[in-house]
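The values are calculated or read from the model by the stated rules, or taken from the named source; none is laboratory data. Everything numeric here is computed off the predicted structure, so don't read it as measured data. We place every Cβ from the backbone using ideal geometry, glycine too, and count neighbours over all the protein chains shown.
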Amino acid sequence: MPATVPLLIISGSMGAGKTTVLSEASDLLAQADIPHAAIDLDWLAVMHPQPQRYGERLAFANLAAVWPNYVAAGARRLIVARVIEHEHELDLYRAAVPGAQPVICRLTAPLELMHDRLRTREPGMFQEQALVRSTELDGILERAAIEHFTVDNGPKRQVTEAAREMLTRAGWL
């Protein structure tokens with residue numbers, strides 16, 4: 001295992017574009033031949049019944065289980081998409097990824113745009129809950145202000161521009 005692991009956490013409210021920017025950032029890093037893993041951490045906690053709110057313990061237990069596989073395959077950096085609401089959550093990342101050196105980027109976008117994205121992404125029975133949670137999270141993240149920097153992912157921004165800015169500000173490009 002590497003002694004230190006650069007860890008970029010993409011936070012932001014629902015609909016801010018975390019997963020989309022994660023994917024584009026991974027493509028930019030691959031183009032630059034930078035060994036990394038890219039994980040949408042929410043997907044490591046999808047199950048029913050949910051063992052606790054938002055599957056936090058399960059997500060991090062699964063991250064701890066898969067990270068050594070990524071290292072064995074050559075990954076030396078990790079990008080994760082997941083909302084981070086409280087600074088104590090960084091301890092969960094450090095426990096799951098030994099040597100993690102976390103940097104938090106918060107993606108921002110106008111609430112109306114995030115809601116439009118959610119209406120497209122969540123056309124079913126979860127839509128109303130997602131819209132309410134997006135508004136709630138936007139306020140929580142604004143008040144918490146635990147990010148190292150923010151990146152605008154609003155309506156006039158191309159995803160490649162947002163991903164490149166994020167990686168540049170994190171010192172990865």
Among the residues that make up the stretch 132-139, is at least one of them within 17 Å of residue 6 (Cα to Cα) and crowded, with 16+ Cβ neighbours inside 10 Å? no
Any residue at all in the stretch 142-159 that's at pLDDT 95 or above, over 17 Å from the mean Cα position of the chain (by Cα) and among the aliphatic types (A, V, I, L, M)? no
Inspect the stretch 121-137 for any residue being out of contact with any strand residue (DSSP E or B) (no Cβ under 9 Å at 6 or more places or on another chain), assigned to a loop (DSSP other than H, G, I, E, B) and aliphatic (A, V, I, L, M) and give the result as yes or no. yes
The residue from 126, 149 that alone is aromatic (Phe, Trp, Tyr), farther than 30 Å from residue 32 by Cβ and loosely packed, with under 15 Cβ neighbours inside 10 Å is 126
Pick out the one residue from 45, 64, 38 that is surrounded by fewer than 19 Cβ atoms within 10 Å (Cβ to Cβ) and touching a helix residue (DSSP H, G or I) at 6+ places or on another chain (Cβ under 6 Å). 64
The condition of being part of a helix (DSSP H, G or I) and modelled with pLDDT under 95 holds, among 92, 63, 58, 113, only for 58
Out of contact with any His (no Cβ under 7 Å at 6 or more places or on another chain), of a type in the set (Ser, Thr, Tyr) and surrounded by 14 or more Cβ atoms within 10 Å (Cβ to Cβ) - does that describe any residue in the stretch 92-111? yes
